[in-house]
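Okay, structure first, notes after.
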Amino acid sequence: MNQGDVMAEGLREDRPREACGVFGIYAPERDVARLTFFALYALQHRGQESAGIATSDGRSAHIHKSMGLVSQVFNEENLRPLVGHAAIAHNRYSTTGSSVLRNAQPYLIETLYGPLGVGHNGNLTNALVLRRKLLEKGVGLSSTSDSEVITQMLAGMPGPAWEPRIAAFMAEAEGAYSLTILTRDAVFGVRDPWGLRPLVIGRFAGGDGWCVASESCALSTIGAEYVREVAPGEIVRLDVNGLTATQGRAREQRALCIFEFIYFARPDSLLDDQVVHRVRVRLGRELAREQPADADLVIGVPDSATPAAVGYAEESGIPFGEGLIKNRYIGRTFIQPDEGLRRLGVALKFNPLPSNLKGKRIVLVDDSIVRGNTSGPLVRLLRDGGAREVHMRITSPPIRHPCFMGVDMATYNELIAHRMTVEEIREHLGCDSLGYLSLDGLERAVSEEVGNGTSPIGRGYCNACFSGSYPIRLEEWWLSEDRIKLAFEGTLPG
């Protein structure tokens, strides 16, 4: 049972769901399984359905994976057999394939050239075609995830050297992928030519080990120093010789998912060499300029919107304060709430602070509205706590289009901004006013010059969920399928 099932519709957090977190390490002088556990723990926010670690000792590979959070999947007993000097790891939130153990990662298989393990963050947009090719060749598939398609494609590429085999896979694959790949003697980090999903490189002091991770917060957790991002289209090899990079064909215009800045990434992580927290403060400042409000107090929806609420308060001159207290553990239970608790909805996740709210006009800052199933109850919660007015401000534009590049966002029918105007959404939520950040304002805040003011950092972002302009050509079945993440369940389409 995944977190979305547990929370149920009335309790489900109204956020886009990230696909996965990936990690890889090559460090002969270190306990790589234990380091990998803590790195994976730091990436827990990127996926809460399953977790897994695979290791190699140069002769054989070892793996443990299961459903649940990192702290639920691993213990001293099952970490002990994960011996070796190289490892990859994965946290999953499903985007292609349902949330079951057979779809958990990493995948680990035996090939003609030794063990092969793969962890994948993203979505292949031509996965249907690639999957059918494998099946027509007689390759058996045990899961409904496009990540197993990647694993079997890599295993079937000709030649003993892994870099050409990975490059051959990249020539056929379309879509979003950041990969960690484990072989007998090396760990690889691979990023798609668009750079849609993040991947960074870290190094241990003294040069006795290297690692790659979805976010830099995983590096600092285990004492590794951030070096740089893996470039779009790049293949990075970590082995006994250190780091070797092969630059493949990258797209002229990069398309990093802009939602990483808005919500997905941890605030202490680096993206585009920018601290995410600082970007979110800038989002709040830009929002205050575009969508002012006559109010007494600015509060954020904990925790992701707090930096933006601080920025809104600083720019507007309205005091920042707390109005909602979050129960940070309710979303981590695997116990199904009964019907009475389910009707309480967001009250299980948030409690209002009446002493801060009573009689006040509140600006409630949040990062996004997807389905609209929690924003309305939050507004009611603030009113029940004594707020006189509630003015909702969102640090992203209306989400009118699904994501097909590795984020489980929602279908067209589920997206409230696809069905309603801003005024209709305001009425539905019951707030006194509703204001979204414009797409231009979002891109200004994310691409703002940093450092000495001369080095522009923003180099192109995917904003398709707002604009409908996808960087990758999509087959018609992607746009018409209502439940695309389950497209490989049961009968194969087309």
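The values are calculated or read from the model by the stated rules, or taken from the named source; none is laboratory data. Not measured: the values here are computed from a predicted model. Please note: Cβ atoms are built from the backbone with ideal geometry, for glycine as well, and neighbour counts cover all protein chains shown.
A few remarks follow.
- Filtered residue count, segment 364-373, keeping only those that are closer than 21 Å to V310 by Cβ and part of a loop (DSSP other than H, G, I, E, B): 3
- Residues that are of a type in the set (S, T, N, Q), part of a loop (DSSP other than H, G, I, E, B) and buried (at least 20 other Cβ atoms within 10 Å of the Cβ) within segment 374-412 comprise T374, T395, S396, listed in sequence order.
- Taking (1) in a helix (DSSP H, G or I); (2) in contact (Cβ under 8 Å) with a residue 40 or more places away in the chain; (3) buried (at least 16 other Cβ atoms within 10 Å of the Cβ) in turn, V149 satisfies each apart from (2).
So that you can scan it fast, the table gives a plain yes or no per residue for (1) modelled with pLDDT of 95 or more; (2) under 21 Å from C217 (Cβ atoms); (3) of a type outside the set (A, V, I, L, M, F, W, C); (4) not assigned by TED's automatic domain parsing to the domain that holds G386:
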{"residue": "D268", "(1), (2), (3), (4)": "yes, yes, yes, yes"}
{"residue": "R285", "(1), (2), (3), (4)": "yes, no, yes, no"}
{"residue": "A288", "(1), (2), (3), (4)": "yes, no, no, no"}
{"residue": "Q291", "(1), (2), (3), (4)": "yes, no, yes, no"}
{"residue": "L297", "(1), (2), (3), (4)": "yes, no, no, no"}
{"residue": "V310", "(1), (2), (3), (4)": "yes, yes, no, no"}
{"residue": "E315", "(1), (2), (3), (4)": "yes, no, yes, no"}
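- Among the residues examined, L82 qualifies as farther than 28 Å from P267 by Cα, part of a loop (DSSP other than H, G, I, E, B) and of a type in the set (A, V, I, L, M).
- Selection count where residues are surrounded by 15 or more Cβ atoms within 10 Å (Cβ to Cβ) and under 17 Å from A86 (Cβ atoms), scope segment 243-258: 1
- For the residues V190, V240, the requirement of being surrounded by fewer than 22 Cβ atoms within 10 Å (Cβ to Cβ), modelled with pLDDT of 95 or more and among the β-branched types (V, I, T) singles out V240.
- Selection from segment 196-215 of residues that are assigned to a loop (DSSP other than H, G, I, E, B) and aliphatic (A, V, I, L, M): L196, L199
- Within this structure, V281 fails the test of being touching a Pro at 6+ places or on another chain (Cβ under 9 Å), in the same structural domain as A186 (by TED's automatic domain parsing), surrounded by fewer than 24 Cβ atoms within 10 Å (Cβ to Cβ) and aliphatic (A, V, I, L, M).
- Checking F169 against (1) assigned to a loop (DSSP other than H, G, I, E, B); (2) free of Cβ contacts under 8 Å to residues at least 60 places away in the same chain, the condition it does not meet: (1)
- Residue within segment 65-78 that is in contact with a helix residue (DSSP H, G or I) (Cβ under 8 Å, 6 or more places away or on another chain), closer than 25 Å to V149 by Cα, basic (K, R) and not in a helix (DSSP H, G or I) present: yes
- Close pairs (6 angstrom Cβ cut-off, 6 or more residues apart or separate chains): among the β-branched types (V, I, T) in segment 43-55, part of a helix (DSSP H, G or I) anywhere: I53/T36; T55/A33
- Residue within segment 342-362 that is assigned to a loop (DSSP other than H, G, I, E, B), touching a strand residue (DSSP E or B) at 6+ places or on another chain (Cβ under 6 Å) and at pLDDT 95 or above present: yes
Conditions tested, residue by residue: (1) closer than 28 Å to G140 by Cβ; (2) surrounded by 13 or more Cβ atoms within 10 Å (Cβ to Cβ); (3) at pLDDT 50 or above; (4) acidic (D, E).
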{"position": "S433", "(1), (2), (3), (4)": "no, yes, yes, no"}
{"position": "G453", "(1), (2), (3), (4)": "no, no, no, no"}
{"position": "G460", "(1), (2), (3), (4)": "no, yes, yes, no"}
{"position": "Y470", "(1), (2), (3), (4)": "no, yes, yes, no"}
{"position": "R473", "(1), (2), (3), (4)": "no, no, yes, no"}
{"position": "R483", "(1), (2), (3), (4)": "yes, no, no, no"}
{"position": "T491", "(1), (2), (3), (4)": "yes, no, no, no"}
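- Positions within segment 284-316 being surrounded by fewer than 24 Cβ atoms within 10 Å (Cβ to Cβ), within 19 Å of the chain's Cα centre (by Cα) and among the small types (G, A, S), in sequence order: S304
- Whichever residue in segment 92-109 is modelled with pLDDT of 95 or more and part of a strand (DSSP E or B) and, among such residues, is farthest from E215 (Cα to Cα): I109
- Filter pass, V200 being buried (at least 23 other Cβ atoms within 10 Å of the Cβ), in contact with a Leu (Cβ under 6 Å, 6 or more places away or on another chain) and either modelled with pLDDT of 95 or more or β-branched (V, I, T) (or both): no
- Residues being assigned to a strand (DSSP E or B) and crowded, with 20+ Cβ neighbours inside 10 Å - total across segment 216-228: 1
- Any hit, segment 402-418, residues being touching a strand residue (DSSP E or B) at 6+ places or on another chain (Cβ under 7 Å) and modelled with pLDDT of 95 or more: no
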